[in-house]
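For reference, the structure discussed in these notes is given below.
The values are calculated or read from the model by the stated rules, or taken from the named source; none is laboratory data. Treat the numbers as computed from the prediction; the structure is a model and nothing was measured. Don't worry about glycine lacking a Cβ; one is built from the backbone with ideal geometry, like all the others, and counts go over all protein chains shown. Surface accessibility is based on the protein's heavy atoms, side chains included, excluding ligands, DNA and RNA. Shrake-Rupley method; radii C 1.70, N 1.55, O 1.52, S 1.80 Å.
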Amino acid sequence: MKDGFIPLAAPVARLIEELSKLPGIGPKTAARLTYYLLRRPAPEATALAEAVLALKEKTILCSACQNIAEADPCPICASPERDRATLCVVEEPLDILALERTRKYRGLYHVLHGAISPLEGVGPEQLRIRELLSRLQGGQVKEVILATNPNLEGEATAMYLQRLLVPLGLRVTRLARGLPVGGDLEYADEVTLTRALEGRQEF
Amino acid sequence: MPAPRVYRTEALVLRGMDLGEADRLLTLFTPRLGKLRALARGVRRPKSKLGGHLDVLCHSDLMLARGRNLDTITGAQARHGFPALRGDLLALGQALYVLELVDLFTAEGMENYSLFQLTLTTLERLPDAGGGETPLRYFELRLLEATGYRPQLYNCHVCRRPLEPQDNYFSPSGGVICPSCQAQEPFSHPLSLGVLKVLRHYLRAGYEEARGVRLTPSQARELKLVLGECLRYHGERDSRAGAFLERVKGLPSQG
(Lines give C-alpha, C1' and ligand atoms only; values in the text may rest on other atoms or scores of the structure.)
Protein backbone atom coordinates (compact mmCIF):
# COMPACT_ATOMS: atom_id res chain seq x y z
CA MET A 1 0.00 0.00 0.00
CA LYS A 2 1.31 3.46 -0.85
CA ASP A 3 1.72 6.03 1.93
CA GLY A 4 -0.82 8.31 0.27
CA PHE A 5 -3.56 5.77 0.84
CA ILE A 6 -3.18 5.67 4.61
CA PRO A 7 -5.95 7.88 6.00
CA LEU A 8 -3.78 9.91 8.36
CA ALA A 9 -4.61 13.48 9.24
CA ALA A 10 -1.91 15.69 7.74
CA PRO A 11 -0.73 17.25 11.08
CA VAL A 12 -0.38 13.78 12.60
CA ALA A 13 1.58 12.51 9.62
CA ARG A 14 3.79 15.58 9.73
CA LEU A 15 4.74 15.17 13.40
CA ILE A 16 5.40 11.47 12.89
CA GLU A 17 7.73 12.31 10.03
CA GLU A 18 9.58 14.97 12.03
CA LEU A 19 9.95 12.80 15.12
CA SER A 20 11.23 9.84 13.16
CA LYS A 21 14.18 11.97 12.03
CA LEU A 22 15.47 11.98 15.64
CA PRO A 23 18.29 9.57 16.49
CA GLY A 24 17.08 6.25 17.86
CA ILE A 25 13.45 6.92 16.93
CA GLY A 26 11.91 4.86 14.17
CA PRO A 27 8.51 5.26 12.51
CA LYS A 28 6.75 3.09 15.13
CA THR A 29 8.10 5.01 18.12
CA ALA A 30 7.38 8.29 16.34
CA ALA A 31 3.75 7.28 15.81
CA ARG A 32 3.41 6.24 19.44
CA LEU A 33 4.81 9.56 20.69
CA THR A 34 2.56 11.48 18.32
CA TYR A 35 -0.62 9.77 19.53
CA TYR A 36 0.52 10.18 23.12
CA LEU A 37 0.84 13.95 22.61
CA LEU A 38 -2.52 14.01 20.90
CA ARG A 39 -4.14 12.61 24.05
CA ARG A 40 -2.38 14.97 26.45
CA PRO A 41 -3.83 18.39 27.41
CA ALA A 42 -2.97 21.23 25.02
CA PRO A 43 -0.63 23.15 27.40
CA GLU A 44 1.68 20.17 27.56
CA ALA A 45 2.06 20.04 23.81
CA THR A 46 2.54 23.81 23.71
CA ALA A 47 5.26 23.60 26.34
CA LEU A 48 7.09 20.99 24.25
CA ALA A 49 6.75 23.07 21.10
CA GLU A 50 8.06 26.17 22.86
CA ALA A 51 10.97 24.27 24.33
CA VAL A 52 11.96 23.05 20.87
CA LEU A 53 11.73 26.58 19.45
CA ALA A 54 13.73 28.11 22.30
CA LEU A 55 16.44 25.51 21.78
CA LYS A 56 17.48 27.07 18.51
CA GLU A 57 16.42 30.67 19.12
CA LYS A 58 17.77 31.25 22.61
CA THR A 59 21.09 29.40 22.53
CA ILE A 60 24.38 30.66 21.20
CA LEU A 61 27.96 29.49 21.26
CA CYS A 62 30.06 31.10 23.95
CA SER A 63 32.67 33.08 22.03
CA ALA A 64 35.39 31.99 24.47
CA CYS A 65 34.84 28.29 25.18
CA GLN A 66 32.51 27.46 22.24
CA ASN A 67 30.09 25.76 24.60
CA ILE A 68 26.37 26.08 24.00
CA ALA A 69 25.01 28.77 26.28
CA GLU A 70 22.28 31.33 26.78
CA ALA A 71 24.63 34.24 27.21
CA ASP A 72 28.03 35.16 25.87
CA PRO A 73 30.27 34.64 27.80
CA CYS A 74 28.75 31.51 29.29
CA PRO A 75 28.35 31.19 33.10
CA ILE A 76 31.54 29.14 33.42
CA CYS A 77 33.66 31.59 31.43
CA ALA A 78 32.09 34.53 33.30
CA SER A 79 32.45 33.09 36.81
CA PRO A 80 35.07 34.87 38.94
CA GLU A 81 35.58 31.68 40.96
CA ARG A 82 36.99 29.75 38.04
CA ASP A 83 40.72 29.22 37.70
CA ARG A 84 41.75 31.00 34.51
CA ALA A 85 45.15 29.34 34.33
CA THR A 86 43.82 25.88 33.41
CA LEU A 87 41.89 25.01 30.30
CA CYS A 88 40.28 21.65 29.70
CA VAL A 89 39.78 20.70 26.03
CA VAL A 90 36.81 18.41 25.32
CA GLU A 91 35.17 17.04 22.18
CA GLU A 92 31.50 17.76 22.90
CA PRO A 93 29.41 20.05 25.15
CA LEU A 94 28.09 16.92 26.91
CA ASP A 95 31.64 16.14 28.05
CA ILE A 96 31.60 19.37 30.09
CA LEU A 97 28.48 18.11 31.87
CA ALA A 98 30.27 14.87 32.73
CA LEU A 99 33.32 16.72 34.06
CA GLU A 100 31.23 19.22 36.01
CA ARG A 101 29.48 16.35 37.78
CA THR A 102 32.78 15.41 39.40
CA ARG A 103 32.87 18.87 41.11
CA LYS A 104 36.67 18.49 41.14
CA TYR A 105 37.57 20.70 38.22
CA ARG A 106 37.57 24.46 38.77
CA GLY A 107 39.19 25.68 35.56
CA LEU A 108 37.81 26.69 32.19
CA TYR A 109 36.80 24.60 29.19
CA HIS A 110 37.13 24.60 25.45
CA VAL A 111 34.79 22.60 23.21
CA LEU A 112 36.20 21.36 19.90
CA HIS A 113 32.83 20.13 18.57
CA GLY A 114 34.22 16.84 17.31
CA ALA A 115 37.42 14.84 17.02
CA ILE A 116 39.84 14.37 14.17
CA SER A 117 38.58 11.48 12.09
CA PRO A 118 40.21 11.54 8.66
CA LEU A 119 38.26 8.45 7.55
CA GLU A 120 34.95 10.22 8.17
CA GLY A 121 36.20 13.40 6.56
CA VAL A 122 36.68 15.37 9.79
CA GLY A 123 40.03 17.12 9.67
CA PRO A 124 41.58 19.64 12.08
CA GLU A 125 40.06 22.52 10.11
CA GLN A 126 36.53 21.36 10.95
CA LEU A 127 37.20 21.64 14.69
CA ARG A 128 37.39 24.75 16.86
CA ILE A 129 41.19 24.63 17.00
CA ARG A 130 41.78 28.10 15.61
CA GLU A 131 39.60 29.51 18.40
CA LEU A 132 41.60 27.54 20.96
CA LEU A 133 44.91 28.89 19.68
CA SER A 134 43.72 32.48 19.68
CA ARG A 135 42.44 32.00 23.24
CA LEU A 136 45.89 30.88 24.33
CA GLN A 137 47.52 33.98 22.84
CA GLY A 138 46.61 35.99 25.97
CA GLY A 139 49.15 34.06 28.05
CA GLN A 140 46.78 33.66 31.01
CA VAL A 141 46.47 29.92 30.54
CA LYS A 142 49.35 27.92 32.01
CA GLU A 143 48.03 24.37 31.61
CA VAL A 144 45.94 22.73 28.91
CA ILE A 145 44.26 19.44 29.86
CA LEU A 146 43.49 17.30 26.82
CA ALA A 147 40.25 15.50 27.74
CA THR A 148 39.36 13.99 24.38
CA ASN A 149 37.90 10.47 24.33
CA PRO A 150 40.31 7.55 24.84
CA ASN A 151 39.62 6.11 21.38
CA LEU A 152 41.56 6.39 18.14
CA GLU A 153 39.92 9.66 17.07
CA GLY A 154 40.36 11.24 20.50
CA GLU A 155 44.01 10.15 20.68
CA ALA A 156 44.68 11.52 17.20
CA THR A 157 43.13 14.83 18.24
CA ALA A 158 45.13 14.96 21.48
CA MET A 159 48.40 14.19 19.69
CA TYR A 160 47.65 16.78 17.03
CA LEU A 161 46.92 19.46 19.65
CA GLN A 162 49.99 18.50 21.62
CA ARG A 163 52.15 19.23 18.58
CA LEU A 164 50.55 22.64 18.24
CA LEU A 165 50.57 23.56 21.94
CA VAL A 166 53.97 22.41 23.19
CA PRO A 167 55.83 25.06 21.13
CA LEU A 168 53.74 27.72 22.92
CA GLY A 169 55.52 26.83 26.17
CA LEU A 170 52.41 25.61 28.00
CA ARG A 171 52.04 22.66 30.30
CA VAL A 172 50.07 20.12 28.25
CA THR A 173 48.49 17.21 30.14
CA ARG A 174 46.26 14.32 29.13
CA LEU A 175 43.56 12.65 31.24
CA ALA A 176 44.84 9.37 32.67
CA ARG A 177 43.78 6.21 30.89
CA GLY A 178 43.35 2.94 32.67
CA LEU A 179 40.82 0.67 34.29
CA PRO A 180 37.27 1.88 34.88
CA VAL A 181 35.87 1.80 38.42
CA GLY A 182 33.76 -1.33 38.82
CA GLY A 183 35.45 -2.93 35.83
CA ASP A 184 36.94 -6.37 35.51
CA LEU A 185 40.64 -6.93 34.86
CA GLU A 186 40.18 -10.02 32.72
CA TYR A 187 38.14 -8.12 30.15
CA ALA A 188 40.62 -5.27 29.79
CA ASP A 189 42.37 -4.96 26.43
CA GLU A 190 46.14 -4.77 26.09
CA VAL A 191 46.24 -1.04 25.38
CA THR A 192 44.19 -0.15 28.47
CA LEU A 193 46.14 -2.52 30.70
CA THR A 194 49.46 -1.21 29.41
CA ARG A 195 48.35 2.33 30.18
CA ALA A 196 47.08 1.28 33.61
CA LEU A 197 50.44 -0.34 34.40
CA GLU A 198 52.39 2.69 33.17
CA GLY A 199 50.24 5.03 35.21
CA ARG A 200 50.26 3.00 38.44
CA GLN A 201 50.60 4.99 41.63
CA GLU A 202 51.98 4.57 45.11
CA PHE A 203 49.32 2.96 47.27
CA MET B 1 21.04 -27.10 7.06
CA PRO B 2 20.54 -23.46 8.07
CA ALA B 3 23.66 -21.34 8.50
CA PRO B 4 24.78 -21.27 12.15
CA ARG B 5 23.52 -18.31 14.12
CA VAL B 6 26.91 -17.53 15.56
CA TYR B 7 30.24 -17.50 13.77
CA ARG B 8 33.85 -16.62 14.51
CA THR B 9 36.35 -14.66 12.49
CA GLU B 10 39.41 -12.55 12.94
CA ALA B 11 39.03 -9.00 11.69
CA LEU B 12 40.73 -5.67 11.35
CA VAL B 13 38.51 -2.72 12.32
CA LEU B 14 38.65 -0.27 9.42
CA ARG B 15 36.09 2.29 10.52
CA GLY B 16 33.63 3.01 13.28
CA MET B 17 30.56 5.20 13.30
CA ASP B 18 28.65 6.16 16.45
CA LEU B 19 25.11 4.86 16.50
CA GLY B 20 22.37 5.39 19.05
CA GLU B 21 23.20 5.92 22.71
CA ALA B 22 26.38 3.91 23.09
CA ASP B 23 26.63 1.64 20.01
CA ARG B 24 29.01 1.76 17.11
CA LEU B 25 28.59 0.53 13.57
CA LEU B 26 31.92 -1.00 12.55
CA THR B 27 33.40 -1.71 9.17
CA LEU B 28 35.49 -4.87 9.49
CA PHE B 29 37.93 -6.46 7.11
CA THR B 30 38.25 -10.22 7.49
CA PRO B 31 40.50 -12.74 5.74
CA ARG B 32 37.76 -15.13 4.62
CA LEU B 33 34.55 -13.09 4.59
CA GLY B 34 35.95 -9.93 3.05
CA LYS B 35 34.65 -6.60 4.26
CA LEU B 36 31.55 -6.57 6.40
CA ARG B 37 29.65 -4.22 8.64
CA ALA B 38 28.62 -5.20 12.12
CA LEU B 39 27.01 -3.67 15.15
CA ALA B 40 28.98 -3.32 18.38
CA ARG B 41 26.54 -2.66 21.17
CA GLY B 42 27.37 -0.46 24.14
CA VAL B 43 31.07 -0.12 23.27
CA ARG B 44 31.12 3.61 23.99
CA ARG B 45 30.42 3.07 27.69
CA PRO B 46 33.59 3.21 29.81
CA LYS B 47 32.88 -0.19 31.35
CA SER B 48 32.21 -1.90 28.05
CA LYS B 49 33.91 -5.28 27.96
CA LEU B 50 34.32 -5.22 24.20
CA GLY B 51 35.10 -1.55 23.61
CA GLY B 52 38.87 -1.70 23.93
CA HIS B 53 39.02 -4.63 21.54
CA LEU B 54 36.94 -2.96 18.86
CA ASP B 55 38.51 0.45 18.33
CA VAL B 56 39.56 1.38 14.81
CA LEU B 57 42.93 -0.23 13.96
CA CYS B 58 42.41 -3.22 16.27
CA HIS B 59 43.14 -6.68 14.91
CA SER B 60 40.83 -8.91 16.94
CA ASP B 61 39.24 -12.32 17.15
CA LEU B 62 35.49 -11.83 17.02
CA MET B 63 32.35 -13.75 17.61
CA LEU B 64 29.33 -12.51 15.70
CA ALA B 65 25.64 -13.36 15.80
CA ARG B 66 23.65 -13.15 12.60
CA GLY B 67 20.99 -10.48 12.61
CA ARG B 68 18.23 -9.65 10.20
CA ASN B 69 20.10 -6.73 8.67
CA LEU B 70 23.34 -6.41 10.55
CA ASP B 71 25.34 -8.95 12.45
CA THR B 72 26.06 -8.11 16.09
CA ILE B 73 29.42 -8.58 17.74
CA THR B 74 29.00 -10.75 20.82
CA GLY B 75 32.61 -11.37 21.73
CA ALA B 76 35.97 -9.79 21.00
CA GLN B 77 39.56 -10.42 22.01
CA ALA B 78 42.26 -8.17 20.59
CA ARG B 79 45.22 -9.91 18.97
CA HIS B 80 47.10 -6.74 18.27
CA GLY B 81 46.14 -3.16 19.00
CA PHE B 82 49.15 -1.60 17.23
CA PRO B 83 50.13 0.58 20.22
CA ALA B 84 53.24 1.80 18.39
CA LEU B 85 51.00 3.32 15.70
CA ARG B 86 48.53 4.80 18.17
CA GLY B 87 51.21 6.63 20.08
CA ASP B 88 52.76 8.45 17.14
CA LEU B 89 50.81 10.98 15.12
CA LEU B 90 52.74 10.48 11.89
CA ALA B 91 52.57 6.68 12.05
CA LEU B 92 48.89 6.91 12.96
CA GLY B 93 48.24 9.10 9.93
CA GLN B 94 49.99 6.51 7.76
CA ALA B 95 47.96 3.68 9.29
CA LEU B 96 44.69 5.54 8.73
CA TYR B 97 45.73 6.09 5.13
CA VAL B 98 46.22 2.32 4.72
CA LEU B 99 42.81 1.60 6.31
CA GLU B 100 41.08 4.16 4.11
CA LEU B 101 42.54 2.68 0.92
CA VAL B 102 41.49 -0.83 1.96
CA ASP B 103 37.97 0.43 2.61
CA LEU B 104 37.89 2.29 -0.69
CA PHE B 105 39.15 -0.62 -2.79
CA THR B 106 37.03 -3.42 -1.36
CA ALA B 107 33.37 -4.30 -1.71
CA GLU B 108 31.35 -5.87 1.08
CA GLY B 109 31.37 -9.66 1.15
CA MET B 110 34.23 -10.11 -1.32
CA GLU B 111 36.96 -12.32 0.07
CA ASN B 112 40.47 -11.04 -0.54
CA TYR B 113 42.89 -13.02 1.60
CA SER B 114 46.05 -11.65 0.04
CA LEU B 115 44.91 -8.07 0.62
CA PHE B 116 44.14 -8.90 4.27
CA GLN B 117 47.65 -10.27 4.76
CA LEU B 118 49.17 -7.32 2.90
CA THR B 119 47.28 -4.87 5.12
CA LEU B 120 48.40 -6.50 8.35
CA THR B 121 52.02 -6.78 7.33
CA THR B 122 52.00 -3.17 6.13
CA LEU B 123 50.68 -1.99 9.51
CA GLU B 124 53.45 -3.96 11.20
CA ARG B 125 56.08 -2.39 8.94
CA LEU B 126 55.04 1.22 9.58
CA PRO B 127 56.60 1.72 13.06
CA ASP B 128 59.99 0.41 11.88
CA ALA B 129 60.05 2.77 8.92
CA GLY B 130 60.23 5.74 11.32
CA GLY B 131 57.95 7.89 9.19
CA GLY B 132 59.55 6.85 5.89
CA GLU B 133 57.06 6.18 3.14
CA THR B 134 58.52 3.08 1.49
CA PRO B 135 55.97 0.79 3.22
CA LEU B 136 53.18 3.00 1.88
CA ARG B 137 54.46 3.00 -1.70
CA TYR B 138 54.95 -0.76 -1.62
CA PHE B 139 51.45 -1.15 -0.15
CA GLU B 140 49.86 1.12 -2.76
CA LEU B 141 51.25 -0.86 -5.67
CA ARG B 142 50.48 -4.23 -4.07
CA LEU B 143 46.97 -3.03 -3.25
CA LEU B 144 46.38 -2.15 -6.90
CA GLU B 145 47.64 -5.61 -7.81
CA ALA B 146 45.48 -7.39 -5.21
CA THR B 147 42.33 -5.59 -6.33
CA GLY B 148 42.84 -6.14 -10.05
CA TYR B 149 44.19 -2.70 -11.00
CA ARG B 150 47.86 -3.59 -11.50
CA PRO B 151 49.27 -1.01 -13.93
CA GLN B 152 50.80 -2.31 -17.16
CA LEU B 153 54.58 -1.95 -16.78
CA TYR B 154 56.10 -3.99 -19.60
CA ASN B 155 54.06 -3.20 -22.72
CA CYS B 156 52.58 0.07 -23.90
CA HIS B 157 49.07 0.30 -22.47
CA VAL B 158 47.79 1.61 -25.86
CA CYS B 159 49.67 -0.17 -28.67
CA ARG B 160 50.72 -3.25 -26.63
CA ARG B 161 54.27 -3.13 -28.03
CA PRO B 162 57.07 -3.89 -25.54
CA LEU B 163 58.42 -0.73 -23.91
CA GLU B 164 61.85 0.59 -24.90
CA PRO B 165 64.34 1.30 -22.09
CA GLN B 166 63.74 5.07 -22.16
CA ASP B 167 61.64 7.73 -20.45
CA ASN B 168 57.99 6.95 -21.18
CA TYR B 169 54.60 8.24 -20.12
CA PHE B 170 52.12 7.01 -17.56
CA SER B 171 48.35 7.00 -17.64
CA PRO B 172 46.57 6.48 -14.30
CA SER B 173 43.90 4.43 -16.04
CA GLY B 174 46.10 1.56 -17.14
CA GLY B 175 49.84 2.00 -16.96
CA VAL B 176 52.84 2.95 -19.03
CA ILE B 177 52.46 4.43 -22.52
CA CYS B 178 55.20 4.69 -25.12
CA PRO B 179 56.09 8.17 -26.44
CA SER B 180 54.43 7.54 -29.81
CA CYS B 181 51.06 6.72 -28.23
CA GLN B 182 51.22 9.48 -25.63
CA ALA B 183 49.10 11.92 -27.69
CA GLN B 184 46.14 9.55 -27.49
CA GLU B 185 46.02 9.70 -23.69
CA PRO B 186 45.34 13.26 -22.58
CA PHE B 187 45.76 12.56 -18.85
CA SER B 188 49.16 10.92 -19.07
CA HIS B 189 52.31 12.43 -17.65
CA PRO B 190 56.02 11.69 -18.07
CA LEU B 191 57.52 8.66 -16.30
CA SER B 192 61.26 8.34 -15.97
CA LEU B 193 62.97 5.06 -16.72
CA GLY B 194 64.35 4.95 -13.18
CA VAL B 195 60.90 5.06 -11.55
CA LEU B 196 59.53 2.51 -14.04
CA LYS B 197 62.28 0.16 -12.89
CA VAL B 198 61.37 0.81 -9.27
CA LEU B 199 57.71 -0.04 -9.97
CA ARG B 200 58.71 -3.26 -11.71
CA HIS B 201 61.04 -4.15 -8.86
CA TYR B 202 58.36 -3.53 -6.20
CA LEU B 203 55.98 -5.89 -7.98
CA ARG B 204 58.60 -8.59 -8.50
CA ALA B 205 60.45 -8.48 -5.21
CA GLY B 206 59.44 -9.01 -1.62
CA TYR B 207 59.28 -6.05 0.74
CA GLU B 208 62.73 -6.67 2.21
CA GLU B 209 64.33 -6.34 -1.22
CA ALA B 210 62.10 -3.45 -2.22
CA ARG B 211 63.10 -1.61 0.94
CA GLY B 212 66.74 -1.76 -0.11
CA VAL B 213 66.15 0.42 -3.17
CA ARG B 214 67.55 3.91 -2.66
CA LEU B 215 65.47 6.63 -4.28
CA THR B 216 66.58 10.17 -5.02
CA PRO B 217 64.18 12.80 -3.62
CA SER B 218 62.86 13.52 -7.11
CA GLN B 219 62.32 9.82 -7.80
CA ALA B 220 60.46 9.45 -4.49
CA ARG B 221 58.22 12.37 -5.44
CA GLU B 222 57.58 10.90 -8.91
CA LEU B 223 56.78 7.46 -7.51
CA LYS B 224 54.35 8.96 -5.01
CA LEU B 225 52.68 11.00 -7.74
CA VAL B 226 52.33 8.09 -10.17
CA LEU B 227 50.81 5.78 -7.57
CA GLY B 228 48.68 8.54 -6.08
CA GLU B 229 47.18 9.32 -9.51
CA CYS B 230 46.49 5.65 -10.08
CA LEU B 231 44.74 5.30 -6.71
CA ARG B 232 42.73 8.44 -7.25
CA TYR B 233 41.62 7.27 -10.68
CA HIS B 234 40.50 3.82 -9.54
CA GLY B 235 39.30 4.89 -6.08
CA GLU B 236 37.37 7.76 -7.67
CA ARG B 237 38.23 10.26 -4.98
CA ASP B 238 41.10 11.83 -3.06
CA SER B 239 42.26 10.12 0.09
CA ARG B 240 41.12 12.05 3.17
CA ALA B 241 43.67 10.41 5.42
CA GLY B 242 46.30 11.24 2.79
CA ALA B 243 45.42 14.92 3.14
CA PHE B 244 45.62 14.59 6.93
CA LEU B 245 49.01 12.89 6.65
CA GLU B 246 50.36 15.79 4.60
CA ARG B 247 49.05 18.19 7.24
CA VAL B 248 50.76 16.27 10.02
CA LYS B 249 54.03 16.40 8.10
CA GLY B 250 53.70 20.17 7.99
CA LEU B 251 53.38 20.52 11.79
CA PRO B 252 56.22 21.94 13.86
CA SER B 253 58.50 19.04 14.77
CA GLN B 254 58.38 17.59 18.26
CA GLY B 255 60.58 18.60 21.15
> If we scan region B:26-42, do we find a residue that is touching a Phe, Trp or Tyr at 6+ places or on another chain (Cβ under 6 Å), surrounded by 20 or more Cβ atoms within 10 Å (Cβ to Cβ) and facing chain A (nearest Cβ under 8 Å)?
Replying inline: no
>> Could you tell me how many of the residues in region B:53-68 are more than 8 Å from chain A (Cβ to nearest Cβ) and over 20 Å from the mean Cα position of the chain (by Cα)?
In response: 8
> Which residues, counting only those in region B:43-61, are in a loop (DSSP other than H, G, I, E, B) and open to solvent by less than 60 Å² (accessible area, probe 1.4 Å)?
Replying inline: B:VAL43, B:SER48, B:LEU50, B:LEU54, B:ASP55, B:VAL56, B:LEU57, B:CYS58
> Here are some conditions: (1) more than 10 Å from chain A (Cβ to nearest Cβ); (2) crowded, with 22+ Cβ neighbours inside 10 Å. B:ASP71 meets all but one. Which one does it not meet?
Replying inline: (2)
> If we only count helices (runs of 4 or more DSSP H) wholly inside region B:74-158, which ones have 2 or more residues that are of a type in the set (A, V, I, L, M) and either more than 30 Å from A:ALA188 (Cα to Cα) or open to solvent by less than 50 Å² (accessible area, probe 1.4 Å) (or both)?
Replying inline: B:89-104, B:113-125, B:134-146
> What are the residues in region A:107-122 that are within 12 Å of chain B (Cβ to nearest Cβ) and β-branched (Val, Ile, Thr), if any?
Replying inline: A:ILE116, A:VAL122
> If you take the residues of region B:205-239 that are aliphatic (A, V, I, L, M) and in a helix (DSSP H, G or I), which of them is nearest to B:VAL195 (Cα to Cα)?
Replying inline: B:LEU223
>> Among the residues of region A:185-203, what is the count of those that are loosely packed, with under 10 Cβ neighbours inside 10 Å and either of a type outside the set (A, V, I, L, M) or within 25 Å of the chain's Cα centre (by Cα) (or both)?
In response: 5
>> It is to be established whether one or more residues within region A:132-141 are in contact (Cβ under 8 Å) with a residue 12 or more places away in the chain and either within 12 Å of chain B (Cβ to nearest Cβ) or part of a loop (DSSP other than H, G, I, E, B) (or both).
In response: yes
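For A:GLU125, indicate whether it is assigned to a helix (DSSP H, G or I), open to solvent by 40 Å² or more (accessible area, probe 1.4 Å) and within 11 Å of chain B (Cβ to nearest Cβ).
Spelling it out, A:GLU125 is indeed assigned to a helix (DSSP H, G or I), open to solvent by 40 Å² or more (accessible area, probe 1.4 Å) and within 11 Å of chain B (Cβ to nearest Cβ).
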